[in-house]
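Have a look at the structure below before the remarks.
The values are calculated or read from the model by the stated rules, or taken from the named source; none is laboratory data. Computed from a predicted model, the values in this text were never measured in an experiment. No Cβ is skipped: glycine too gets one built from the backbone with ideal geometry, and neighbour counts run over all protein chains shown.
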Amino acid sequence: MRLTPLVLAVLCGCTGTDNAPGVAGTCFDYQGNSYGPCRVFRGRLKLPPADQLHTGQGSFQLAAVGFVSTDAPPAAADGSAASATDGSVAAADAAGTTPPTAAATPRLFFGPVFAYDAGAGQRPDTPFSIVVPCAQSVNLVLQVPRTSGGDAPGFWVAAMRFATDDGGSTLTTLVPRQAADLCGSKTNALDLGQVTLTLRSEGLLGSGEITLGKDNSKNPLELLDSDGDGAADLADTDDDDDGQPDIGDPDAQGDAVADTAQTLSALPDQDADGIPDLFE
């Protein structure tokens, strides 16, 4: 049976003193389904000179690509994959009783469309945000919207990559999930700072690069403590606290889905150009 990706355009219905996205509470997708608790990734996008963009459009959007196991029971309300017993795949994974699956289907979320031009000029520093369930590991992608509503995969600009450890020798795009009890009002608004988009060649689509943790941007692993042990994931050698070091752990996310099955490279790419077919 062919599985159709679950595509969600997330519109925040979160509680908070200023109604800011991701400040405690529940968020809702565009179909009215609730997911909570949620977290928000936000920051400011610094662009290359306008004459290098050549998009013919004046807007961007952040997309988040997660994956859900096709071997597991239906997802729980907080966005995590539920186990058949206690609702926690992490518990079974920590006990070593559930080998991670490589069978997963993509699950997409979309932030608000934002304009990067202002009249005849270009905004040098443009705010962006996206809200996703705390319990969902995601890859963050900058795209040019394909539809006016911004509720579908658009045209690929760049994936947000970052170092997996302090050494910075290995890059990834997979942002770890957070347990619901660790995703409170003080921890789930994650500011990535000023994020710089660079281009490998003139023309925006397909040639962009973003590396978080450089210049004025933040590596998400500096901001996250997935297991609540007091050590940021960037320095923590066992992010999911399952007793198995992350190096050599096929499921360092602790969600019973193999980490290699949750990266952007797991998406189909028929022409092998490094851009998933979803975004072409």
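Summary of values
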| read-out | value |
| --- | --- |
| Unmet requirement for VAL141, which otherwise passes all of (1) surrounded by fewer than 24 Cβ atoms within 10 Å (Cβ to Cβ); (2) of a type in the set (Val, Ile, Thr); (3) not in a loop (DSSP other than H, G, I, E, B) | (1) |
| Scope the stretch 39-80; condition modelled with pLDDT under 60 and not in a loop (DSSP other than H, G, I, E, B); matching residues | ALA75 |
| Lone qualifier among ASP239, ASP225 - being part of a loop (DSSP other than H, G, I, E, B), among the charged types (D, E, K, R) and either touching a Cys at 6+ places or on another chain (Cβ under 8 Å) or at pLDDT 75 or above (or both) | ASP225 |
| Subset of the stretch 203-222 [in a loop (DSSP other than H, G, I, E, B) and at pLDDT 75 or above] | GLY213, LYS214, ASP215, ASN216, LYS218, ASN219 |
| Restricting the stretch 161-175 to residues that are at pLDDT below 90 and either outside any loop (DSSP other than H, G, I, E, B) or of a type outside the set (Asp, Glu) (or both), the residue that is surrounded by the most Cβ atoms within 10 Å (Cβ to Cβ) | THR164 |
| Residues located in the stretch 112-154, provided they are modelled with pLDDT of 85 or more and out of contact with any Gly (no Cβ under 8 Å at 6 or more places or on another chain) | PHE114, THR126, LEU140, VAL141, ALA152, PRO153, GLY154 |
